[in-house]
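Here is the structure we will look at.
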Amino acid sequence: MISSISNTSITAPLSKINISVIALPAALIIMSVIFSILDPVFFSGQNLITILHQSSIVGIMALAMTFVIITGGIDLSVGPVLAIAGVLCAWFLQISDDSVLIAIPATLSICFTIGAISGSFVAFIGLPAIVVTLATMSIVRGAGLLIAGPSLHLIREPESFLFIGSGLIGGIPVPVYIFVVLAAIAIFVQKKTTFGVLVSAVGDNHRATFLSGHNSNKIKIICYGLCALGAAIGGIIQASQVHTAAATYGAGIELDVIAAVVLGGASLMGGSGTIQRTIMGVLMIGIINNGLGILNVQIEMQLIAKGAIIICALLISQLDQRRSK
Amino acid sequence: MWLLKNIPNRELILFFVITSLIFSLFSSTFRSAGNVENILIGFSHLGILAIGQALPILMRGIDLSVGSILALVGMVMFDCYIIFHMPGYVVLPIAIAVGTMAGVINGILITRFRIQPFITTLATMAAYRGLTYAISGRQLVPESATQAIDDNLLGLFDEFSGIFPYSFFLLLIVLAAAQYILSRTRIGLDLYSIGGNPEAARLCGIKVDKMIIISYGFSGFCAALAAIVMVSRMTTSTENLGIGIELTAITAAVIGGISLQGGIGNAIGPVIGAFLMGVILVGLTLTGISTYAQPVITGVILIAAVSYDRYKYYKLRSKNSAGESA
Amino acid sequence: MDLKYLIKTIQSVAKNYRSNSGKKVISSLLKTCVVGSFLSIGLNTANAAEKKMVFIQFQPHTVSLAWSKGIEEVLSVQDDIDYQLLDGQGKVDVQINLMNTVINQGVDTIFIQPVDSVAISPAIKKAKRKGIVVITLNINATAKHAAHIEMNHYFGARQIAKVMGEKMGGVGKVAILNAPPGIIIRDQRTNGFIDGMKEYHPNIKIIANQVADWSRKKAQDVFSTMLIANPGISGVYGINDSMALGAVDVAKAKGLLDQIVIFGNDGERDALESIERGELSGTQYTDVYQQGRYAASIASVLATGNVDADDIKEQGHLLMPYIIATKETVADIKIEQRW
Amino acid sequence: MTILLSARNLTKKYGSLTALNNASLELRAGEVRSLVGANGAGKSTLIKILTGAIDANQGKVLLDGVPLKLGDPTTMLEAGIGCIYQHSNLVPALSVLDNIYLGRQPVLSFSRLDRKKQRAEAEELLLKYSLKLDLDAIVSTLPTVRQKEVEIAKALALNAKVLLMDEPTAWLSHTEVNNLFTTVRNLQASGVGIIYISHMLDELYAICDSVTILRDGNIVEDCAISDLTRQELLEKFIGKTLAQAATKTNQHAQKEHVPEDVILRCENLSKKGEFDDISFDLAKGEILCITGLIGSKRTELMHTIFGSNSLDSGRIFLEGAEYENRSPANAIKHQIGFVPEDRHRDGLMMQANIQDNLLMVSHDKIAKFGIVNQIKVDQRVSKQIKQLNITPADPNKIVSKLSGGNQQKVLIGKWLELHPKVLILDEPTVGVDVGAKSEIYTLIRKLRDQGTAIIVVSSDMEEVMGIADRIMVMCSGKKQGIYNAASISQQKIIAYVGGEAQS
């Protein structure tokens, strides 16, 4: 007892300035500095907004994905959900005489349901999330193609819908605001609500959560629902940005989204991960893509560099975690 | 206990047979010998990949880079044969070495730097793909794009011996070797131990890092074999070879009973999983179901395939351990 | 009376949605499910006299959809032909497997847009041995087969370079929004464009060439980055329309639309409308319906059995005519030709 | 006797925290040395260095005078240092046989396993130490106690020169402990040096020759165990005041059972394959201890009352009204608390901090519309930390980094937040040091005096006799009887427990 008390006084300040918390931002800053040196235009305000703008869709999806990954799951179906959200939105706009207020809530609720359904398979039957969501991925992609075919569905009206993706407020694109607001909400939910705590608890120890009187299955299902919801918001923004909806959109985006979350340090085994770090993961991928684009690096070198940068960035954050071990 | 270990496969085989029977019922072509040949030759490479994938998953890891290794090996073979005119017996060892090396690099990155396998192999997935683009003979020597690899040895795996393609024999050899190693040797037992409890394994003196490198090396090795089979069938290679195949291979492995939590599974399950994917694709094509409805049905079959044996497994487990009604 | 029927009915219902009368969709879907599940109990009784033709597309896409429509249009007037659309998922191995499957099934004709010319050839040779007619679309195969009908990738792109240069006044900086390597038409189009620029407008420099994955969203991201790195860009060539339209979106948002000449390739409906609005500068238009119709016509002729595929000594090779659609010429493209 | 193992000047630092400071230790062949210290005193660190799990910053370890490479488990194993770990170090999905030979399976050429040899050796081993284990059983399907035996078998199979035993008797029943002691004496006779760690003072005095006492990472005493009285020993490692409290544990005033105060009544509870026809009642302000051998299905019965295990027949009454054991959530709604046996598996979120764990069952009360009120949280958490004397008193400390005793306190604290009417504690002091143990007892008694009805499930006779008001003995899922603690002796209870076990 006594021994540990004396230890606390030494360790307390140290644990407050946990180095691993600074590591990821440090990697971000180092990367930014290098890109800025190579081409100063990288650091212009214009470009920083562009990076945020380019990251916003993946970012929003990653926010929601973080919750799923914290529970120890994974959701591969976000790509098709993104696509079908656009298609559904186009359809609802069509049948509701361009009423955004009907189309968006309707789309979001359908997509939430899709996610909740895959969540139930994971929670109640205990199937591995990777297979369930791969199946959902396939099913939703097929369903999208069945209802909309592979063709592009143009969305020209209404102005309010197009504003979501293409509008500017004070020179900054609307998706950036949406991303920032949702990020703030997600941080709040994770830090300040019972739900946020319980999500971590479920990922940490499913059984103990159950024995503490919580419906851990319900929490899991909500997480998968939220993940699909995030994908749906991404889908609506994308449909609005490109004025088009198609069932073929969003192929391969799941890996980008998961990469952002895992880059932020969340473990796929569950229980760990925070929204702030996910946001940094998102920014890191955004900066890599943008920086390499600015330098006009060709695709082959771009991919090699991307791999190398990700590993180096992780190394930096890993280094001091090992030291603190 | 013996039952518990073996049941997942038994259920899967049953499911596989039932699925095949249903397709046979709806399509006369499906039950023809020609179709069996097609499925065997068409999905042997996936079976090999799934076995390769099984090892990292057994060790609580994952290898997302197999698709890119596949492309890299394919492109190396292409370059060696078409551009440098090497004979088949030289190309093959080079191909296998490249694939294994790529896997070993994954393993080294994971063990040396202690980075999560998922993100490591995601990074190398990008890097190997980039490397494939960079060394692409098709880009460097444009006229090579229309030349075929015409070598007896390199074309071997598109040949049949009776109804069985040589690629299927290759799969059987890999399967037998992998299953033997997993079930009968120290290496296999050490792999299971690390997957089941890495810390315990380390404290028992098992060389955890070495085994992890071996498992990713094996995954790369299998990717190389799969690439050889594919190049053999295509008589060429392309830069976008194997995009997305990692998810198919992982799915095949997981359907085959390899637990993503590590330490559980065998080599046979993933092969059945791979052929189940094949049966679904071919079966749905032959029953004439619309191309857009196919993914829907594929998804439903996937869920059904894992649901049944999971259900059995949970029932058994809740019987065995106390107070597990959660 | 098989599963196919059920799916087809569901599809026809789904079509309702596409033809703008989606309100009844849910009730009719329910009906279909109930009726269909009764009907689907039964075995596949194939009509022996029926000819079977399949189209193995590259992956679900507007272009292949339009081909399929063109093909169906011709085939539907001959009621003894069963036509099926298959998805190659953009993967070589899937396409080869599908080829082998339908060859084994004994179809009469295979339309295919190969992912790779060489890779598909062994399968085409096998089909030929079984007497199956293979017609390739857009990407040729190195193995000899009945016919190949192609958009004019290389020369079309050269022509685009020429017209684009003229619009730019012969000087300026150009960026290319490209596809990832691994598909031959990417190289044909890029090379055609670069060669064309060299030949017709040597003063125009190609300063950036980035991959945007065929996607409009990705093109927006890539082009906005390009614009920041090179503020003086005055021309963009997207090797398909989606990417070009992505560039249009960005240029429009930044108010640079009148300073940048943007060209696409393919000529899909969306692009043509954009040209009419004066946003996109131009594109290479090919009548893809027609391309499908040509393919189906050749198939129909060969299917009569009066002409043997081997009788076509040299492989039939048709290069589709194209129009460089710009604001001036876009009106020539009739509504029913737009896809 | 020759000096077998010699650890010299070992120092281990974690950041600025010194876990072990210049510690030296010597072990002779055939010596049983106990290593004593409060949780966090550096015992685990010392053990970890000796097993090669971690490297030391300074110092060396010599075996038979030969220095060993530190931080490498293989070297240590090959040199002949084996360890029975406190926490399971088994591979759950493998069989008992494979676990026993983990990492050392006998092989033929090409690394092929020599199954025959392995099995023969294992059978010989089990026979030699009279362990009863099914070699083909999968470890994950075994109850914790059997797993512990596998752990012991695994260490014995090493034929080690030095054997470290980190709380080998936790979860073991009386007979099994005796069995283990016989084993230890046999090993001792054959010249094996043993380092024995336990929180049970009885065991130390029964089996050990010498003692090394650790405190705050320093070795404060190194002598023959017979040189110290219990009181002295306690004082040496937990301090004088706590030691006095700890010894007081045994003087305890039992309370009479008052039938009018009954709050929980169970009638004829049965579940096929688990327990059969069990009836008992529990009054406010009383401690009912349920004891029995492992496998007597006490834990299952508790899970049933709590709602995490189902019931075939029988009825439960809470405060006179029939109560349905639907789910843990329902139990919590009725203010029934449950501290499970296995805190790692069932109790704590190991990666979460103290605060989140403490509030696990009472979040909904503190939160309004799901939003946490940070001020209230801080108040409650700091109050609880103070009341339970959890150290370090940092609400943001991750639970997995706490010592076993503090983890257990957090787990109990979580239920105190509920102000339970009925609190069930399943083996509340397993793996907890003497100081924390006495604190937990004090707490349980305080709760009782405040009127909480308490059920304690325990295998530790000393504990049962120390805190129970009434004792219920269970055997193979059946109730043997309920006795007043004041009127029954420990020997009798043991006889009831053991006597029935043979029939």
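Data table
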| item | result |
| --- | --- |
| Under the span-like rule (Cα at least 18 Å along the axis, Kyte-Doolittle mean at least -1.0), DSSP H helices of chain A | A:2-16, A:19-38, A:45-70, A:78-95, A:100-120, A:129-148, A:174-192, A:216-242, A:275-294, A:299-324 |
| In degrees, nearest ten, helix D:490-502 long axis to first principal axis of chain D (Cα) | 80 degrees |
| Per residue accessible area of the stretch D:342-419, 1.4 Å probe, in Å² | 41 Å² |
| Sequence ranges C:51-62, D:476-487, ranked by mean other-Cβ count within 10 angstrom, highest first | C:51-62, D:476-487 |
| For the stretch B:2-317: rounded, prolate or oblate by the Cα gyration tensor [a/c cutoff 1.5] | oblate |
| Residues of chain B: accessible area per residue with a 1.4 Å probe, Å² | 33 Å² |
| Mean residue ellipticity (222 nm) of chain B, computed from DSSP H runs ≥ 4 via -39,500 (n - 2.57), nearest 500 | -24000 deg cm²/dmol |
| Solvent-accessible area per residue for the stretch C:153-285 (1.4 angstrom probe, square angstrom) | 31 Å² |
| Helix axis angle, D:404-416 relative to chain D longest principal axis, alpha carbon, degrees | 10 degrees |
| Accessible surface buried upon A-C contact (total; probe 1.4 Å; Å², nearest 100) | 3000 Å² |
| For peptides C:159-168, B:16-25, A:253-262, sequence by mean Cβ density within 10 Å, most packed first | A:253-262, C:159-168, B:16-25 |
| Accessible surface of the stretch A:27-320, 1.4 Å probe, proportion on carbon and sulfur as whole % | 73 percent |
| Peptide A:247-253, shielding by other chains (average Cβ, 10 Å cutoff) | 4 |
| Around D:Gly451: net Lys/Arg minus Asp/Glu count, Cβ-Cβ under 12 Å | +2 |
| Sum of side-chain charges, A:Gln241 neighbourhood, beta-carbon under 12 Å (Lys, Arg +1; Asp, Glu -1) | +2 |
| Surface share of carbon and sulfur [accessible, 1.4 angstrom probe, percent] for the stretch C:84-179 | 49 percent |
| Sum of side-chain charges, D:Ile390 neighbourhood, beta-carbon under 12 Å (Lys, Arg +1; Asp, Glu -1) | +3 |
| Amide H within-cut-off set for D:Arg215, under 5 Å, with H built and near neighbours excluded | D:Val220 |
| Amide hydrogen neighbours beyond the local backbone of D:Tyr14, cut-off 5 Å, H modeled | D:Ala19 |
| Chain pair D, A: total accessible area buried, heavy atoms, 1.4 Å probe, Å² | 3000 Å² |
| Solvent-accessible area buried by pairing D with B, both sides, nearest 100 square angstrom, 1.4 angstrom probe | 2600 Å² |
| Three-way shape label, chain D, alpha-carbon gyration tensor, a/c 1.5 | prolate |
| Helix D:374-388 axis, angle to chain D major axis (alpha carbon atoms, nearest 10°) | 70 degrees |
| Three-way shape label, the protein assembly as shown, alpha-carbon gyration tensor, a/c 1.5 | prolate |
| Cβ crowding within 10 Å averaged over residues, with A:91-99, B:39-47, C:138-146, B:53-61 ranked highest first | B:53-61, B:39-47, C:138-146, A:91-99 |
| Karplus 3J(HN,Hα) series, Hz, for the stretch D:428-439 with 6.51 cos²θ - 1.76 cosθ + 1.60 (x for Gly, Pro) | x, 10, 5, x, 10, 6, 4, x, 5, 4, 5, 5 |
| Surface share of carbon and sulfur [accessible, 1.4 angstrom probe, percent] for chain D | 49 percent |
| Shielding by partners, peptide C:221-232 (average Cβ within 10 angstrom, other chains) | 6 |
| Too-long pairs where the Cα-Cα distance tops 20 Å, listed order kept, from C:Lys162/C:Lys327; A:Lys192/D:Lys397; D:Lys333/D:Lys383; C:Lys51/C:Lys130 | D:Lys333/D:Lys383 |
| Within 10 Å of each Cβ in C:121-127, the average number of Cβ atoms from other chains | 2 |
| Value of [θ]222 nm, deg cm²/dmol, for chain A, DSSP H segments ≥ 4, -39500 (n - 2.57) each, nearest 500 | -26000 deg cm²/dmol |
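The values are calculated or read from the model by the stated rules, or taken from the named source; none is laboratory data. Because the structure is a prediction, the values reported are computed rather than measured. Methodologically, a virtual Cβ is constructed for each residue, glycine included, from the backbone with ideal geometry; neighbour enumeration extends over all protein chains shown. Quick note on the areas: whole protein, heavy atoms, side chains included, nothing else; ligands and nucleic acids left out. Shrake-Rupley method; radii C 1.70, N 1.55, O 1.52, S 1.80 Å.
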